[in-house]
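Inspection log for the structure reproduced underneath, given as structure tokens.
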Amino acid sequence: MDHILTYMTFIPIAGALIVLCLPSNKPDWIRWGAAAATVPPLLMAIWLFVNFDRTKAGFQFVEKAAWIPSFNIEYFVGVDGISITMVLLTALLSFLCMFASFGIEKAVKGYFALFLLLDAAMMGVFVSLDFFLFYIFWELMLLPMYFLIGIWGGPRREYAAIKFFLYTLAGSVLMLLALLALYFHQTPHTFDMTKLMEAHTTYSHNFQVIVWLALFIGFAIKIPAFPFHTWLPDAHVEAPTAISVILAGVLLKMGTYGILRINFGMLPEATAQLSYYCLGALGAFNIVYGALCAMAQKDLKKLVAYSSISHMGYVMLGMAAFTPQGIQGAVLQMFNHGTVTAMLFLLVGVIYDRAHHRDIEGFGGLASIMPVYTGMTALAFFAALGLPGLSAFISEVLVLLGAWQRYPGLTAIAASAVIFTAGYILWTMQRVFLGKANEKYLSLPEISGRELFTLAPLAVIVVVLGFYPKAVLDLTSTSLDSLNALVNKFVL
Amino acid sequence: MSIGNLASLTYILPELLLVLTILVVFLADLVVREKERLGEIALAGTALSLLSVAVAAKSPECWLFSKMMVQDPFAVFFKVLFALSAMAAVWMSLGSKEIKGANQGEYYGLLISSTLGMYFMASAANLLMAYLALEFVSLTSYALTGYLRHNRRSGEAALKYLIYGGVASGTMIYGMSWIFGLAGSMDFAQINAALAHGDANKLALFVAMVLTLAGFGYKIAAVPFHMWVPDVYTGAPIPITAFLSVGSKAAGFALLMRFFYPAMSHLGADGNWQFIPGVDWPQLVLVLSMVTMTLGNLTALSQRNLKRLLAYSSIAHAGYMLMGFVVLSNEGLRAMLFYMVVYYLMNIGAFLVVMIVANSTGREDIDGFRGLAWRGGAAPAIAMAIFLFSLTGLPPLAGFVGKFYLFAAVVRQQFYGLALVGVLNSVVSLYYYARIVRTMFLDFPDGTETPVTLSLHNGALMWGLAAATLIMGIYWAPVIGLADRSLHFFMG
């Protein structure tokens, strides 16, 4: 299994090329062809999960090759405990979302080719260890996403697509400047992330702070953190179901992953100084703000979108704490949010396909019409709420425990937001599923086998990680402990 | 080594071949009935000239015609670019509906004459030679712009171009007379020797440079000498617009670089240039660069005619390229050379697609592109998207690499403010480029549009340029190597 990460990244691109060559009048060939292209990466991800050495903090499965020697740009990939969780999540969601996309009827070939390109770019972001390569993949994601929202999205798709595009590009060009500044600071100049991490002591204080902030804005737009979050509800509401899943499940994680990998790893001193306001306080604010916004929504999908903002706030708060529990809780929360929100968006898609609207007030009594669907939704909603026994509970508690040791005030605010979360989730459950069945929807068909197939693996993970979080924590703990130790050297 | 007049003739074989081509075109015009043959003759002649440029690249560097001209890698680089621009313009003319009519002999003759003038601009080593070459290019361009005799906009554009060009070159020659007065010579090498020590009156020198810049600035379309660009680009036949936007602009840059670097500055051992001490010239160009790109991009936002939009975008790109000029380093110059190659690919490509659509529909406004991808024009639409996103500077396209090198040079010399303005401009430009993409892909045809057909002739060039744009976004080492080797001025 040499070059496993390269295969995982480029098999979807090969799949996209094959899909482009299939005849347009055979949409089923295209659908199954595209789905088949996501199987090898998933199998390889499982192999990685089994064979990953959990005792090593450094990078594993490393590959390195010269790319543009005159500028010292390399093809350099590898995974450590932080990125492997994201690689697993990406491979899993890419696979499931292909099946969630089978209902797409318009320009099928273009949709699946772009989707596979998006898969490859996401995988590339998480495995890249060359900053230039990382940036290429980061930007490569924008183009397919723009078209996927813009062509296959809802009524305001054009607005949502360009808004997403502009916001993300604005963030990433700042990242470009930061990466150039870091590059030229080294002798010899290098984009090698491992070398950039070793060089963290050589920067002047002002340089660190400016570069840190430039990177942070780029990543905060992706998370998205207040006040850069306004693209998210628009993009989510307009995007087709599978794209919303990818957006919430994987793309948002790139923001926090980038902060951990780059801001923490390369600029630990600035991280120690700036984290209280930029990550901790902002994170706590996001938790409360997202929950309050979610409570005010009438559109089910928008509610889930705002809940994402709230849940990503936990990730920010957790990593700002610089405690082992906090940072591990943060990464676990990234993974759990990926699975739970993916379920929620898939479930919203299921009901939207049937009723053609997502108005929370427009349903009622669905529990008696679609019992299996209701059960599945209840599981996802309770997981999002942080019910003990389900995965998100563990990560949120870890975050709060970790954060309490350093920022008791912020933690109190964040913990109290759990009430709001419970509020909007239970209230939504009540309005959609309980009460008298809506006459209009008595004949809605139950959730289909294909839809259950996309949900079941996620449900299993949500339940299993609720009892056995060690499956993920074991992967991450060694790498995160060493990262945490690095930052803690600079914490006063 | 300086060579006399007769001996120099052997060194200017590429120029002589162009002269021969012009004569053959004019003579053949008298006898050939199918006027397309004239275009093919022009194409073949330019190709021959390109070949001989490549051969001449091996001959030693020297002064020609008693130091009126110079033979060095820098001149060779630009001659190759001009020959390629002319070939693309001829190729486009052969596939254009605008260029049908009785006057094709004059048209192709003028086009090649203009190319000849550009050759001289690239190798001019004397103020007089520079002025004559620039005027030669201008005069032929005026006639080419007004070629559509029965089109009022074409005539208006030619007149505006003429008046504006007359004023600009008058200002320039006045500035040159000051320089002659200060340096006592018109020869670049002697000007350098006379001024390098900074003994000349600083204010007089500064004024002389500003006046001279009017001529160069007008050729490269930099603010505030850009006023002619929108009208001329809109009025001229599309192949000529493409030719002016790439060839003429590159010629202006060639002269600008040779005049302000080897003639006015001094190359240090570290690859950085020292400008004449005491003259705050780079600061002025820095402001010009910022204003040029910002004004170009902001004005482009509201354009509906695509030729006009691309005209403003070409102003903005002049601003980006000037960034490399400001930093006074070989890296900046290398980035400019590289960017010109990239700009050639994507800008000619974009104009080509405009021409393909105009051929079928007779429209050049953005509404003529509505739903292009969904009414038989998928190929031009995809190619256009590649060119436009490359112009924006998104990876993995060549335009990103070009901008990357420019920003790298700027960040290297720590012009952070300029870099920030540059990247934010890229974000602004995304909006109007993406608007075209949106119209082509995200809007659907309402059934009233004329279908767009793609001829094999135009398709070949289009896919060639698109493929090059894509490939150079992934592997560009040979081209950057070429730019590196070409960055050598012969200074005696």
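The values are calculated or read from the model by the stated rules, or taken from the named source; none is laboratory data. Bear in mind the structure is a predicted one, so any value in this text is a computation, not a measurement. Backbone-built Cβ (ideal geometry, glycine too); neighbour counts: all protein chains shown.
Tabulated data
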read-out	value
Considering residues of region A:134-151 that are in a helix (DSSP H, G or I) and more than 10 Å from every other protein chain (Cβ to nearest Cβ) only, the residue nearest to A:Ala248 (Cα to Cα)	A:Met145
Answer residue from region A:433-455, given it is more than 23 Å from A:Ile243 (Cβ to Cβ) and within 33 Å of the chain's Cα centre (by Cα) and is surrounded by the fewest Cβ atoms within 10 Å (Cβ to Cβ) among those	A:Pro445
Selection count where residues are under 34 Å from the mean Cα position of the chain (by Cα) and over 17 Å from A:Arg156 (Cβ atoms), scope region B:440-456	9
Which listed residue is farther than 30 Å from A:Leu117 by Cα, of a type outside the set (Asp, Glu) and in contact with a helix residue (DSSP H, G or I) (Cβ under 6 Å, 6 or more places away or on another chain), from B:Ala398, B:Ala409	B:Ala409
Residue within region B:32-45 that is over 29 Å from B:Leu465 (Cα atoms) and not small (Gly, Ala, Ser) present	yes
Residues within region A:169-185 that are more than 27 Å from A:His200 (Cβ to Cβ) and more than 7 Å from every other protein chain (Cβ to nearest Cβ), tallied	0
Pairs where the first residue, in region B:1-30, is farther than 17 Å from B:Thr46 by Cβ and the second is among the charged types (D, E, K, R), C-beta under 7 Å, 6+ apart	B:Ser2/B:Lys67
Selection status of B:Gln274, within 22 Å of B:Leu205 (Cα to Cα) and part of a strand (DSSP E or B)	yes
Residues that are under 19 Å from the mean Cα position of the chain (by Cα) and surrounded by fewer than 17 Cβ atoms within 10 Å (Cβ to Cβ), drawn from region A:74-93	none
Some residue of region A:403-423 being part of a helix (DSSP H, G or I), within 20 Å of the chain's Cα centre (by Cα) and without any contact (Cβ under 8 Å) to a residue 12 or more places away in the chain	no
Given (1) without any contact (Cβ under 8 Å) to a residue 12 or more places away in the chain; (2) more than 24 Å from B:Val287 (Cβ to Cβ); (3) part of a helix (DSSP H, G or I); (4) not polar (S, T, N, Q), index of the condition B:Val437 fails	(1)
Residue among B:Gly399, B:Gly349 that alone is of a type outside the set (Phe, Trp, Tyr), in a helix (DSSP H, G or I), over 15 Å from the mean Cα position of the chain (by Cα) and surrounded by 22 or more Cβ atoms within 10 Å (Cβ to Cβ)	B:Gly399
Any hit, region A:194-214, residues being part of a helix (DSSP H, G or I), facing chain B (nearest Cβ under 10 Å) and either closer than 30 Å to A:Lys64 by Cα or modelled with pLDDT of 90 or more (or both)	yes
Some residue of region B:57-79 being farther than 22 Å from B:Ala254 by Cβ, touching a helix residue (DSSP H, G or I) at 6+ places or on another chain (Cβ under 7 Å) and touching a residue at least 24 places away in the same chain (Cβ under 8 Å)	no
Evaluation of B:Leu454 against (1) within 12 Å of another protein chain (Cβ to nearest Cβ); (2) touching a residue at least 40 places away in the same chain (Cβ under 8 Å) (one fails), failing number	(1)
Residue that is farther than 30 Å from A:Ser101 by Cβ and among the small types (Gly, Ala, Ser), where the choices are A:Ala403, A:Ala383	A:Ala403
Meets criteria (facing chain A (nearest Cβ under 9 Å), under 25 Å from the mean Cα position of the chain (by Cα) and closer than 30 Å to B:Val90 by Cβ) for B:Val437	yes
Matching residues in region A:18-73 - criterion: being within 14 Å of another protein chain (Cβ to nearest Cβ), touching a helix residue (DSSP H, G or I) at 6+ places or on another chain (Cβ under 8 Å) and either in a helix (DSSP H, G or I) or surrounded by fewer than 13 Cβ atoms within 10 Å (Cβ to Cβ) (or both)	A:Leu20, A:Ser24, A:Pro69, A:Ser70, A:Phe71
Unmet criterion (only one of (1) buried (at least 24 other Cβ atoms within 10 Å of the Cβ); (2) modelled with pLDDT of 90 or more) for B:Gly377	(2)
Region B:424-433, residues that are within 8 Å of chain A (Cβ to nearest Cβ) and surrounded by fewer than 24 Cβ atoms within 10 Å (Cβ to Cβ)	B:Leu424, B:Val427, B:Tyr431
Only one of A:Ala380, A:Ala284, A:Ala291, A:Ala330 that is more than 30 Å from A:Ser479 (Cα to Cα), surrounded by 24 or more Cβ atoms within 10 Å (Cβ to Cβ) and at pLDDT 90 or above	A:Ala291
Residue within region A:356-376 that is buried (at least 22 other Cβ atoms within 10 Å of the Cβ), under 24 Å from the mean Cα position of the chain (by Cα) and assigned to a helix (DSSP H, G or I) present	yes
Identity of the residue in region A:121-133, more than 11 Å from chain B (Cβ to nearest Cβ) and under 18 Å from the mean Cα position of the chain (by Cα), that ends up surrounded by the most Cβ atoms within 10 Å (Cβ to Cβ)	A:Met122
Within region B:404-420, considering residues that are crowded, with 24+ Cβ neighbours inside 10 Å and more than 9 Å from every other protein chain (Cβ to nearest Cβ), the one farthest from the chain's Cα centre (by Cα)	B:Ala409
Some residue of region B:42-52 being at pLDDT 90 or above, in contact with a Gly (Cβ under 9 Å, 6 or more places away or on another chain) and buried (at least 21 other Cβ atoms within 10 Å of the Cβ)	yes
Unmet criterion (only one of (1) within 10 Å of another protein chain (Cβ to nearest Cβ); (2) modelled with pLDDT of 90 or more) for A:Glu158	(2)
Some residue of region B:463-478 being of a type outside the set (A, V, I, L, M, F, W, C), within 12 Å of chain A (Cβ to nearest Cβ) and exposed (fewer than 15 other Cβ atoms within 10 Å of the Cβ)	yes
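Here's the yes/no breakdown for (1) buried (at least 23 other Cβ atoms within 10 Å of the Cβ); (2) hydrophobic (A, V, I, L, M, F, W, C); (3) more than 23 Å from B:Gly247 (Cα to Cα); (4) at pLDDT below 95:
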position: B:Arg33; (1), (2), (3), (4): no, no, yes, yes
position: B:Glu40; (1), (2), (3), (4): no, no, no, yes
position: B:Val55; (1), (2), (3), (4): no, yes, no, yes
position: B:Cys62; (1), (2), (3), (4): no, yes, yes, yes
position: B:Ser66; (1), (2), (3), (4): no, no, yes, yes
position: B:Met92; (1), (2), (3), (4): yes, yes, no, yes
